[in-house]
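J.: To start, I am sharing the structure in question, which I have written as structure tokens.
The values are calculated or read from the model by the stated rules, or taken from the named source; none is laboratory data. Remember, it's a predicted structure, so these values are computed and weren't measured experimentally. Note: ideal-geometry Cβ built from the backbone for every residue, glycine included; neighbour counts use all protein chains shown.
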């Protein structure tokens, strides 16, 4: 497995490189956003570790440009930026996970292993009222009109519908949809739920995704 670390603090970059190489990963380092993007686009990496605040090109802009050509390579942010808004922005722009500095190497290692874990392919059709999903093609339709969702919006909607009629607790959603088993700000879920409701254009009589105060959410047929 080959990883790319884009980090301008050499102490952090070398610390991660040493630890990951001891775990048998091959690791490259870039200290600027421009070099990081060049390497990411010209080499085949299994995962990218990005800092947010980088010289020349920010981690967010690097990721946006990279995602124009590569939608699937996992990206983990390692950054001192720690607000909910910043976390959501990174995830919505294409990050798979978000680790706040300072961090423990063991946690980063486990998150890398989670992202590199082989995904089981599924192919089923799901429905919730006027919402139809084809999990094989990852297409979503609302009243026969296609709705374009981000990867995590799609995964969240699928999880809720697969558990239709069951209250999905916030901690379970983070574990199952984001595959995160660490302390995490579950407020990110609210942002994604609101985005789903807007994109699906749910009217007053289409309250398919309901909030269960203090607990989580539930998908219900009306």
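J.: Only one residue in 70, 82 is modelled with pLDDT under 95, out of contact with any helix residue (DSSP H, G or I) (no Cβ under 7 Å at 6 or more places or on another chain) and within 22 Å of residue 193 (Cα to Cα). Which one?
T.: 82
J.: Among what's in segment 50-87 and is in contact (Cβ under 8 Å) with a residue 60 or more places away in the chain and not in a loop (DSSP other than H, G, I, E, B), pick the residue that is surrounded by the most Cβ atoms within 10 Å (Cβ to Cβ).
T.: 78
J.: Which count do you get for residues in segment 2-49 that are loosely packed, with under 14 Cβ neighbours inside 10 Å, in a loop (DSSP other than H, G, I, E, B) and in contact with a strand residue (DSSP E or B) (Cβ under 9 Å, 6 or more places away or on another chain)?
T.: Adding up the residues that qualify gives 2.
J.: Hand me the list of helices (runs of 4 or more DSSP H) wholly inside segment 119-222 holding 3 or more residues that are touching a helix residue (DSSP H, G or I) at 6+ places or on another chain (Cβ under 8 Å), surrounded by 12 or more Cβ atoms within 10 Å (Cβ to Cβ) and at pLDDT 90 or above.
T.: Working: elements: 151-162, 170-177, 187-199.
Passing ranges, in order: 151-162, 187-199.
J.: Here is a follow-up. What's the number of the condition residue 114 fails, among (1) surrounded by 15 or more Cβ atoms within 10 Å (Cβ to Cβ); (2) in contact (Cβ under 8 Å) with a residue 60 or more places away in the chain; (3) outside any strand (DSSP E or B); (4) in contact with a helix residue (DSSP H, G or I) (Cβ under 8 Å, 6 or more places away or on another chain)?
T.: Going through (1) surrounded by 15 or more Cβ atoms within 10 Å (Cβ to Cβ); (2) in contact (Cβ under 8 Å) with a residue 60 or more places away in the chain; (3) outside any strand (DSSP E or B); (4) in contact with a helix residue (DSSP H, G or I) (Cβ under 8 Å, 6 or more places away or on another chain) one by one, residue 114 breaks only (4).
J.: Which one is nearest to the chain's Cα centre (by Cα) among residues in segment 91-111 that are in a helix (DSSP H, G or I) and modelled with pLDDT of 85 or more?
T.: This residue is 111.
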